[in-house]
Number of protein chains: 6
Amino acid sequence: MSLYIERRIGKMAMQLALLEEGDHEAESFLLAQLKHAGYQFCKGKVGSMDAHKVVAAVETAAKKTIIDGSFYRETHSLYHAILEAMQGVTRGQVQLGTVLRTVGLNFAIVRGRPYDQEREDEWVAVALYGTIGAPVRGLEHETLGLGINHI
Amino acid sequence: MSLYIERRIGKMAMQLALLEEGDHEAESFLLAQLKHAGYQFCKGKVGSMDAHKVVAAVETAAKKTIIDGSFYRETHSLYHAILEAMQGVTRGQVQLGTVLRTVGLNFAIVRGRPYDQEREDEWVAVALYGTIGAPVRGLEHETLGLGINHI
Amino acid sequence: MSLYIERRIGKMAMQLALLEEGDHEAESFLLAQLKHAGYQFCKGKVGSMDAHKVVAAVETAAKKTIIDGSFYRETHSLYHAILEAMQGVTRGQVQLGTVLRTVGLNFAIVRGRPYDQEREDEWVAVALYGTIGAPVRGLEHETLGLGINHI
Amino acid sequence: MSLYIERRIGKMAMQLALLEEGDHEAESFLLAQLKHAGYQFCKGKVGSMDAHKVVAAVETAAKKTIIDGSFYRETHSLYHAILEAMQGVTRGQVQLGTVLRTVGLNFAIVRGRPYDQEREDEWVAVALYGTIGAPVRGLEHETLGLGINHI
Amino acid sequence: MSLYIERRIGKMAMQLALLEEGDHEAESFLLAQLKHAGYQFCKGKVGSMDAHKVVAAVETAAKKTIIDGSFYRETHSLYHAILEAMQGVTRGQVQLGTVLRTVGLNFAIVRGRPYDQEREDEWVAVALYGTIGAPVRGLEHETLGLGINHI
Amino acid sequence: MSLYIERRIGKMAMQLALLEEGDHEAESFLLAQLKHAGYQFCKGKVGSMDAHKVVAAVETAAKKTIIDGSFYRETHSLYHAILEAMQGVTRGQVQLGTVLRTVGLNFAIVRGRPYDQEREDEWVAVALYGTIGAPVRGLEHETLGLGINHI
């Protein structure tokens with residue numbers, strides 16, 4: 001019933017979101033780990049003052065490759081993972097433009113079996129990493145969040 | 001006034017918290033980056049059902065090396081960074097045992113100058129990574145959080 | 001000073017919100033109970049991605065029959081009861097479209113004297129029951145909430 | 001992909017929690033509906049100033065009959081459903097004694113397949129109904145909450 | 001239906017909480033205003049790491065002179081005013097020692113008729129002013145909050 | 001390391017926000033105290049159903065005289081002080097129009113050195129005082145909040 005150390009789905013999702021463009025060495029190392037764990041994954045970017053656009057961007061990317069969007073069970077699981085990741089990003093109120101701030105985020109979604117018992121089945125991890133700040137370039141600091149749910 | 005790409009204090013703090021014991025290669029790479037950025041840092045572990053013990057463990061570690069604990073300004077900055085990181089970990093209510101859950105966390109604290117303008121001065125990043133779950137071994141998933149503040 | 005068992009204002013409000021259209025037997029039974037308790041009540045429906053439209057729909061219905069809208073004391077009491085009911089519906093953040101979700105709700109408002117002591121005077125109960133989910137038909141589950149306040 | 005009207009898991013869970021002891025007619029009607037829907041269910045009572053005792057009481061009851069407690073996937077699903085129900089009960093802060101209030105609650109847990117598509121599989125609903133108030137008999141009003149999750 | 005400028009119950013409650021011991025001039029001026037408005041009031045002090053002790057201290061003081069504690073309606077009104085004031089003091093999570101912080105507060109409770117229409121009847125204001133910080137003398141800053149409710 | 005009694009930055013900010021127009025005696029007394037403490041300050045008014053407009057109004061006023069808006073460190077400090085003050089005003093959810101309520105607020109911003117130790121350096125206090133209520137004239141009560149941060 002314990003987490004496989006080599007299959008830490010949350011850690012891999014966060015590392016995927018943290019990955020610098022052009023850092024090919026780190027990228028191949030991480031992709032090898034994800035494949036070895038048998039994980040499905042995707043990543044993308046979103047910048048917005050609307051929290052619902054962040055939710056929508058992650059959902060849209062996930063539904064292309066990882067999640068079956070016509071299937072409520074999967075959509076429900078993903079939605080709660082996204083909102084939990086947004087709570088790490090916003091730290092208190094899941095609000096962006098309504099409290100005059102904006103985000104620019106990388107997101108990563110990973111799906112697979114992180115537990116050693118077969119019947120624990122699949123889980124999803126949503127990781128967000130980027131900047132949050134005033135709607136003025138440069139007036140911002142880093143932020144991140146992670147949500148994990150059974151799928 | 002923008003963040004130096006090579007001095008991303010939040011990313012480095014998170015990577016330090018994610019570091020596996022024994023992964024010497026990743027460790028030396030990260031330590032080299034931290035030193036090159038001129039950052040002070042420390043890390044530690046804490047497991048508890050009491051949120052205040054997590055706060056205390058991070059504060060105690062920080063005060064040994066990075067933060068001057070007799071100085072309110074620095075303590076205040078660190079405290080808010082810790083609480084923000086805890087919001088990512090707890091996703092909604094900064095509560096552990098009072099809602100029957102426990103955490104086992106690695107923490108990393110990094111202090112330095114992430115902005116290119118001299119007068120932006122020093123900031124602190126607190127990263128937490130580990131597991132959250134029922135007070136029963138194995139009934140847990142990963143969790144993480146990051147707080148950043150000017151110091 | 002205790003609640004009359006046969007005058008449970010919150011329970012009756014919830015049952016009124018749960019009432020299926022066309023279930024005449026349950027309806028007459030509940031209406032008889034409400035009248036026996038001397039309660040004023042009304043019900044309605046609202047579907048929206050805007051939390052403020054849910055608040056407005058409940059307020060408008062209440063002001064037609066139960067609450068004197070020119071009277072701040074009553075409006076204030078009703079408003080807090082609505083917001084408390086919305087917290088049960090939204091479970092964490094009183095937000096709908098801003099986090100990309102929508103509701104379809106039945107609401108019921110009941111006003112009267114649930115306590116045996118005369119001087120405990122009137123209270124209001126607001127019950128909400130329906131579905132919450134993605135803005136796509138079928139991707140939703142049930143949700144409900146109750147707010148009670150002295151009036 | 002829509003909810004079966006005759007299998008509304010949240011409504012049935014709430015009605016089970018609202019059931020008066022001794023109201024045999026309503027009880028047999030509801031039990032017949034639950035059996036017809038193929039649902040597993042249980043109910044119980046808990047009174048406490050500690051939020052974690054409410055969580056523990058619901059978990060313990062569920063693990064006797066409905067949920068496999070050695071199975072993290074199921075425990076995780078149940079836990080989030082309980083916390084969501086507690087948010088309806090507490091309306092803002094999932095705290096009881098720490099803000100000087102206490103609850104006396106009936107709880108009901110229902111597990112089954114509320115959607116018409118086979119692959120939507122099983123869900124769990126946790127309903128809480130009772131009183132919340134000062135730790136003085138009679139200084140209390142009704143409160144309730146519902147949490148629903150895929151299992 | 002508007003607030004009397006000369007009967008601003010929230011402002012007077014806050015001024016009463018802000019009053020320095022020994023500032024007799026400000027005190028007599030404020031007491032004259034409170035009496036002229038026909039307000040009942042009391043004040044006190046509480047220092048604690050337990051949020052429930054702050055609630056209890058304000059309730060106890062209020063019940064000696066201003067609120068009838070055997071009367072649920074009044075207790076309920078006061079309780080919500082206290083919790084709202086605590087939200088200003090704690091800014092996000094109504095928690096003190098559980099997140100390793102403590103408060104030293106003056107409190108003031110004022111009861112009366114702030115509106116010009118007779119039927120708006122009585123309201124209560126609870127004001128808190130003092131310091132919040134680490135459980136170390138001096139590592140603290142000022143904090144305050146106000147709650148207002150119809151009674 | 002303790003707060004100077006005669007330099008209570010939060011108290012002075014609140015008193016500045018509470019100041020009645022035309023109360024010249026109280027005004028000159030307070031201005032003398034602010035100057036004696038060496039504090040910079042400004043005040044203004046804002047009425048809105050949008051929380052972000054309250055944030056913007058306070059930021060704009062601050063940036064004219066007290067805060068250097070091209071400097072992220074100062075902007076970041078001010079932003080968190082404003083959000084903390086808004087939590088006192090909104091008591092639970094930093095939302096206005098989205099939950100159908102509006103505010104009319106006086107704001108005051110004070111900057112300076114409230115601690116006796118030189119190295120505690122500068123802090124900022126943001127105080128808000130006014131009314132909150134339904135978007136109908138008169139259906140409102142007083143509200144206030146205070147945020148304090150190191151700058």
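The values are calculated or read from the model by the stated rules, or taken from the named source; none is laboratory data. Keep in mind that what you see is a predicted model, and the values were worked out from it rather than measured. Glycine gets a Cβ as well: all are built from the backbone with ideal geometry, and neighbour counts include every protein chain shown.
Tally time: how many residues in the stretch A:103-131 are assigned to a strand (DSSP E or B) and more than 9 Å from chain B (Cβ to nearest Cβ)? Don't jump to the end; show me each part of the working.
Going residue by residue through the stretch A:103-131, those that are assigned to a strand (DSSP E or B) are A:103-112, A:115, A:123-131.
Checking which are more than 9 Å from chain B (Cβ to nearest Cβ) leaves us with A:103-112, A:124, A:126, A:128, A:130.
Selection size over the stretch A:103-131: 14.
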**OP:** Look through F:Tyr129, F:Tyr115 and report the one residue that is over 27 Å from E:Arg8 (Cβ atoms), among the hydroxyl-bearing types (Ser, Thr, Tyr) and in contact with a helix residue (DSSP H, G or I) (Cβ under 9 Å, 6 or more places away or on another chain).
**Re:** F:Tyr115
**OP:** Name the single residue, out of those in the stretch D:66-102 being in a loop (DSSP other than H, G, I, E, B) and under 14 Å from the mean Cα position of the chain (by Cα), that is farthest from B:Thr131 (Cα to Cα).
**Re:** D:Ile66
Original post:
Which residue, of F:Ala56, F:Ala62, is in a helix (DSSP H, G or I), aliphatic (A, V, I, L, M) and free of Cβ contacts under 8 Å to residues at least 12 places away in the same chain?
Top reply: F:Ala56
**OP:** Would you confirm whether any residue within the stretch A:117-128 is buried (at least 22 other Cβ atoms within 10 Å of the Cβ) and farther than 29 Å from B:Arg137 by Cα?
**Re:** no
**OP:** Count, please, the residues in the stretch D:1-28 that happen to be at pLDDT 95 or above and more than 18 Å from the chain's Cα centre (by Cα).
**Re:** 1
Original post:
Does D:Ala125 satisfy the criteria of being at pLDDT 95 or above, among the small types (Gly, Ala, Ser), over 30 Å from E:Ala51 (Cβ atoms) and out of contact with any Asp or Glu (no Cβ under 6 Å at 6 or more places or on another chain)?
Top reply: yes
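For the stretch D:13-46, what are the residues that are farther than 13 Å from D:Tyr129 by Cα, hydrophobic (A, V, I, L, M, F, W, C) and in a helix (DSSP H, G or I)? Full working, then the answer.
Restricting attention to the stretch D:13-46, the residues satisfying the condition of being farther than 13 Å from D:Tyr129 by Cα are D:21-42.
Now restrict to residues that are hydrophobic (A, V, I, L, M, F, W, C): D:26, D:29-32, D:34, D:37, D:41-42.
D:Ala26, D:Phe29, D:Leu30, D:Leu31, D:Ala32, D:Leu34 - these are the residues of the stretch D:13-46 that are farther than 13 Å from D:Tyr129 by Cα, hydrophobic (A, V, I, L, M, F, W, C) and in a helix (DSSP H, G or I).
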**OP:** Please tell me if D:Gly145 is within 15 Å of the chain's Cα centre (by Cα) and in contact (Cβ under 8 Å) with a residue 12 or more places away in the chain.
**Re:** yes
Original post:
If you check B:Tyr72, B:Tyr79, B:Tyr4, which single one turns out to be farther than 29 Å from F:Pro114 by Cα and aromatic (Phe, Trp, Tyr)?
Top reply: B:Tyr4
Subject >> When residues of the stretch C:47-63 are limited to those that are closer than 26 Å to D:Ala125 by Cβ, touching a helix residue (DSSP H, G or I) at 6+ places or on another chain (Cβ under 7 Å) and surrounded by fewer than 20 Cβ atoms within 10 Å (Cβ to Cβ), the one nearest to the other protein chains (Cβ to nearest Cβ) >> reply: C:Met49
**OP:** Select from the stretch E:88-110 the residues that are crowded, with 24+ Cβ neighbours inside 10 Å and in contact (Cβ under 8 Å) with a residue 60 or more places away in the chain and list them in ascending order.
**Re:** E:Leu105, E:Phe107, E:Ala108, E:Ile109, E:Val110
Subject >> Inter-residue pairs, beta-carbon under 7 Å, first closer than 14 Å to F:Arg111 by Cα and in the stretch F:14-34, second buried (at least 17 other Cβ atoms within 10 Å of the Cβ) and of a type in the set (Gly, Ala, Ser), 6+ apart >> reply: F:Met14/F:Ala127; F:Leu16/F:Ala108; F:Leu16/F:Ala127
Original post:
For the stretch E:15-36, which residues satisfy the criterion of being within 11 Å of another protein chain (Cβ to nearest Cβ) and touching a Phe, Trp or Tyr at 6+ places or on another chain (Cβ under 7 Å)?
Top reply: E:Ala17, E:Leu18
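Could you list, in sequence order, all residues of the stretch A:132-151 that are outside any loop (DSSP other than H, G, I, E, B), under 20 Å from B:Arg113 (Cα atoms) and at the interface with chain B (Cβ under 7 Å from one of its Cβ atoms)?
In the first step, residues of the stretch A:132-151 are kept if they are outside any loop (DSSP other than H, G, I, E, B); the result is A:132-133, A:140-150.
Okay, now just the ones that are also under 20 Å from B:Arg113 (Cα atoms), so A:132-133, A:140-144.
Result: A:His141, A:Glu142, A:Thr143, A:Leu144.
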Original post:
Restricting attention to the stretch A:64-75, and to residues there that are crowded, with 16+ Cβ neighbours inside 10 Å, farther than 14 Å from C:Arg101 by Cβ and in contact with a helix residue (DSSP H, G or I) (Cβ under 8 Å, 6 or more places away or on another chain), which single residue is nearest to the other protein chains (Cβ to nearest Cβ)?
Top reply: A:Arg73
